[in-house]
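Below is one structure, written out as structure tokens, with a few remarks after it.
The values are calculated or read from the model by the stated rules, or taken from the named source; none is laboratory data. From a predicted model like this one, the values you see are computed outputs, not experimental measurements. All Cβ positions, even for glycine, are placed from backbone atoms using ideal geometry, and neighbour counts span all protein chains on display.
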Amino acid sequence: MIDRYTRDEIGALWTDAARFESWRQVEVAACEELEGPTEADLEAIRGATATAEQVAEREKVLDHDVAAFVDVLSASAGQPAGRWIHYGLTSSDVLDTALAVQLREVGEIILTGAEQLTQALAKLARENVDTLCVGRTHGVHAEPTTFGVKIAGFAAEAARNRDRLRRAFDQAAVGALSGAVGTYSATDPAFEQRVLARLGLKAETISTQVVARDRLAELLQAIALAGAGLERLATEIRHLQRTEVREVQEPFRSGAQKGSSAMPHKRNPITSERITGLARVLRGNAQAATENVALWHERDISHSGAERIILPDSTILLDYMQHLAIRLVEGLVVDRDRMLANLEITCGALFSQRALLALVASGMSRDDAYRIVQEDAQRAWDEQTQLRGLLEARGLEIDLDEVFDSSAYTAHSAAIVARLGDVV
């Protein structure tokens, strides 16, 4: 992933140096569980190193990255200790198990961000539990709601994504040291269990020499879903920041930030737009991960090239997007006065359902009541005439004070937002 979208902490986990360090950890753990090496051998093996530059130089000769790594690490350990490195293992034993080690560390960072986002959204929802605003369906004014209820929906979704990510990373934290075609012909299952215990991993149920790729597909799908949730949040903020709406605005650094190179008045929802665009990349990567599931027979390496791109890129992007969203939510400018002003745009037409129900309760048929309210509500909207006045002129036997009481739309908002306590 390019530096622009890479935060330092997670980026450090995907460097060549980090990858070879995870390989080294697997090789050392395997040696520690062999019967052959002496304590002096193990001391030399633990102190052995293999830099990215050394491995790259050796790979030019061998055209095999794991073999190059093993040669460099063995040479560093010296003889006779170096002969035990990679003993009984095949490349996939190292690659897949080391990848699980990396993903576990990556998951800790991503899950921390997912929790922070969930908490930030819940806080914003609780602060605005009674902030009346327009509810929209199909992009059109529907009935009033509260901004707290609106944001609570995003907080609940963020909590689901957090939990989904936790499960996905957990099921991907598996390794395998089952050897060629997964038969343990050079080792045994007990050896695998001991090595994986040292690394804090579970064993793949049945390895075909490789860890099954549906595990990584599940992880990338969870990441894509989390990205989709971030995109939904970003899309809402983009709509609410439109000039004609202007109910919220992204944080903007006055006196420093520039919204446009040509138009000084602009304050654009660039953070939300960035989240929206990057979510598309996550979905594409999830598709590639799904296509990686079907390998030939016990294994091939058709998945390898794609995974070297989609795993670092997807995890780095999600981490970046989560922190963009946290910054956006924590700094969001909520214009409560504008929300109230927008409620008046349709001249009371938003109360049409309450008028309909009042007429039905008074004894009128639903269809007759609907036709009356529809005619007056659309006239109110089109002619900018208050719906209450139009209904009042008909002399209807309903309590208009009760019909146009906005407290009906906030009566249950606290109870709705309180449900976050079960998931956040």
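Here is how the numbers come out for the structure above:
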| item | result |
| --- | --- |
| Qualifying positions in the stretch 399-424 - farther than 18 Å from F147 by Cα, modelled with pLDDT of 95 or more and aliphatic (A, V, I, L, M) | L400, V403 |
| Filtered residues of the stretch 136-175 (kept if in contact (Cβ under 8 Å) with a residue 40 or more places away in the chain, in a strand (DSSP E or B), farther than 20 Å from E105 by Cβ and of a type in the set (A, V, I, L, M)) | A142 |
| Only listed residue being within 34 Å of the chain's Cα centre (by Cα), of a type in the set (D, E, K, R) and buried (at least 19 other Cβ atoms within 10 Å of the Cβ), chosen from E9, E27, E21 | E27 |
| Looking only at the stretch 276-293, and only at residues there that are touching a Ser or Thr at 6+ places or on another chain (Cβ under 9 Å) and of a type in the set (A, V, I, L, M), the one that is surrounded by the fewest Cβ atoms within 10 Å (Cβ to Cβ) | V281 |
| Selected residue (only one of T346, T315 is touching a helix residue (DSSP H, G or I) at 6+ places or on another chain (Cβ under 6 Å) and under 29 Å from A286 (Cβ atoms)) | T315 |
